[in-house]
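The block underneath contains the structure these notes are about, expressed in C-alpha cells.
Rule-based calculations on the coordinates, nothing more; no lab input. Predicted model only: the values in this text are computed from it and were never measured. Heads up, the Cβs are rebuilt from the backbone with ideal geometry, glycines too, and the neighbour counts pull from every protein chain shown.
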Amino acid sequence: MALETREYIVEDEAMIRLAWPLPPEFSRITQRFSDNASFYREFGLAGHEGLDIACDVNTHVLAAHSGWTDPRWGPVHSDQVKVY
C-alpha cells in the first residue's frame, strides 16, 4: 500500500506530517488533535491528544510516523496505538 501523507496541527500550533496509516477506504476522522477541550479539561489536558480514525475490526494499521508504539486497551484509552 502506498502511503499518502497529510499535515496536522498539534500542540502550540505546530505542524506534523504523518503518513496515512490505513487503506484509502478508511478516511473518516472521528476526533482531531485539540478537539473537545471542555471534556479533556477534567483530565488536565487542553484537548484531545491524538487523531482518531474509524476503521473495521482486524484492519491492518501502519505506523503514521517513525518511533515506538504503546498499544492500550480499556475504558480510559479505548483501543489505541500511540506512536512516540
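If you scan region 43-64, which residues turn out to be exposed (fewer than 12 other Cβ atoms within 10 Å of the Cβ) and either of a type outside the set (A, V, I, L, M, F, W, C) or not in a loop (DSSP other than H, G, I, E, B) (or both)? Within region 43-64, F43, G44, D56, N58, H60 meet the criteria. Look at region 14-53 and say how many of its residues are touching a Gly at 6+ places or on another chain (Cβ under 8 Å) and among the aliphatic types (A, V, I, L, M). So the count comes out to 1.
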